[in-house]
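Undergrad: Take this structure first; my questions come after.
Nothing in this text is a laboratory measurement; each read-out follows from the coordinates by a stated rule. Because the structure is predicted, anything quoted here is derived from the model rather than measured. Every residue, glycine as well, gets a Cβ built from its backbone with ideal geometry; the counts of neighbours run over all protein chains shown.
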Amino acid sequence: MLSPVGGLVITEIGPDESGVMSMQDQRLLSLEKQLNIELKVKQGAENMIQSYSSGGHSRDKKLLAEAQQMLGDSRAKIEYLKMRIMKVKQSKQERPNKNGETTQKEISSKNVGCFL
């Protein structure tokens, strides 16, 4: 099952038939958790900017500048995480078959999934 998160399609990851998650699945899960956290950081920075924009005090201006920097950093990290997730998903599509040959499955926009 697929669920959209921040413009990216997140796939449900689980153990294979033997009950063990592959290293790629574990990496993908870790990246998706990091992305979810960073999306919350971005939302918090946006809320802070909105809050500090209404004030006229010098302290508010300093906090506003810090929140804007945090937002920029968060956006950059989100883009980086989305790129890493796409790369892991693409590499999961390439799996060696029984003869040791690498075959590439069809990669659709639903599997790779950036909807920006």
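Undergrad: Could you give the nm distance between label points at Gln26 and Lys61, where each point is 7 Å from its Cα heading toward the beta carbon?
TA: Label at Gln26, label at Lys61, 5.1 nm between them.
Undergrad: Counting Lys and Arg as +1 and Asp and Glu as -1, each charge on the Cβ, what is the dipole of the range 32-88 about the Cα centre in debye, to the nearest 20? Mind dumping the intermediate values first?
TA: Working: 11 positive and 7 negative charges, 32 e Å.
Its charge dipole is roughly 160 debye.
Undergrad: Take the Cα of Val41, step 7 Å along the line toward its Cβ, and report every residue of the range 61-92 whose backbone nitrogen sits under 17 Å from that point.
TA: Once the point is set 7 Å along Cα→Cβ of Val41, 66-85 turn out to lie under 17 Å by backbone N, inside the range 61-92.
Undergrad: At 7 Å along Cα-to-Cβ for each site, give me the label-to-label distance between Gln93 and Gln34 in nm.
TA: 2.2
Undergrad: Below 14 angstrom from the Cβ of Glu38, what's the summed charge of the other residues (Lys, Arg +1; Asp, Glu -1)?
TA: Working: positive: Lys33, Lys40, Lys42, Arg75, Lys77, Lys82, Arg84; negative: Glu32, Glu46, Asp73, Glu79.
Here the count lands on +3.
Undergrad: Which Cα, out of Gln69, Ala45, Met86, lies furthest along the positive dipole direction of the range 41-89 (beta carbon charges, K/R +1, D/E -1)?
TA: Positive-end residue among those listed: Met86.
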